[in-house]
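Asks: The structure under discussion is supplied below as structure tokens; questions concerning it will follow.
Just so it is clear, none of the values below were taken in a lab; they were calculated from the coordinates. Since the model is a prediction, treat every value here as computed from it, not as a measurement. For neighbour counting, all protein chains shown are included, and Cβ atoms are generated from backbone atoms with ideal geometry for every residue, glycine included.
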Amino acid sequence: MSVLTNHLRAGNFIQSEGNGRLSRDQVTIHGGFTGAAKLLAGTVLGKITTGGKYVISPHSGADGSQTGVAILFDDCDPTAGDVLATIFTGPGEVDGAALIYDATVTSGAFTVTKDAELLAAGIKVRS
């Protein structure tokens, strides 16, 4: 017997957004490094200060990526190298239960911090 796994479709985490494409941007997702992995729609991203590429936002760091500023709109695979992807940057509201955080962002205070970072970027995380 096969087990089916369902995950979010592109942008399915969005509850409301700005008119037109105001809330979306196309950016470079950093890839091709050891440990690079496929990313799913709803992944919270940070922006690396040097170079301006985006990666999954960890709990801590010193390169800028530790601050959650956007959410990946659709799945992407940066394992072989950098890829262009669409991100959700707000203004808008998202379903908090649908967000995917880095493994270092454990439940509790760390997710509350990420949600506050997203709010500062114009993205309200709803429960």
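Asks: What's the magnitude of the charge dipole for the chain around its Cα centre, counting Lys and Arg as +1 and Asp and Glu as -1 at the beta-carbon? Answer in Debye, nearest 20. Before the final figure, lay out each step's value.
Replies: On the way: 9 positive and 12 negative charges, 20 e Å.
Dipole size: approximately 100 debye.
Asks: Shape verdict for the stretch 50-91, please, from the Cα gyration tensor: rounded (a/c under 1.5), prolate (a/b greater than b/c) or oblate.
Replies: Working: a/c = 1.85, a/b = 1.17, b/c = 1.58.
It is oblate, given that a/c is not under 1.5 and a/b is not larger than b/c.
Asks: Using only C-alpha atoms and all pairs of different ones, pull out the Kirkwood radius for the stretch 75-114 in Å with one decimal.
Replies: Over the stretch 75-114, the inverse of the mean reciprocal pair distance is 12.7 Å.
Asks: Of all beta bridges DSSP finds with both residues in the chain, what is the antiparallel percent, to the nearest 5? Please list the in-between numbers first.
Replies: Details: 18 of 24 bridges.
Antiparallel: roughly 75 percent of the beta bridges in the chain.
Asks: What aspartates and glutamates sit close enough to residue 47 to cross-link, taking a C-alpha to C-alpha distance under 18 Å and skipping anything fewer than 8 places away on the same chain?
Replies: 25, 63, 74, 75, 77, 82, 102, 115, 117
Asks: Also, quick follow-up: Throw me the Rg/Rh for the stretch 21-126, computed over C-alpha atoms with Kirkwood Rh, two decimals.
Replies: Over the Cα atoms of the stretch 21-126, Rg/Rh equals 0.93.
Asks: Something else now. Work out the length of the dipole vector of the stretch 51-114 about its Cα centre, built from +1 on the beta-carbon of each Lys and Arg and -1 on the beta-carbon of each Asp and Glu, and round it to the nearest 20 debye. Please list the in-between numbers first.
Replies: Working: 2 positive and 8 negative charges, 48 e Å.
Rounded to the nearest 20 debye, it is 240 debye.
Asks: Could you work out the relative contact order of the chain, using alpha carbon pairs under 8 angstrom and six or more residues apart, expressed as a whole percent? Intermediate values should be presented prior to the final figure.
Replies: On the way: 285 pairs, mean separation 37.6, N = 127.
Across the chain, relative contact order equals 30 percent.
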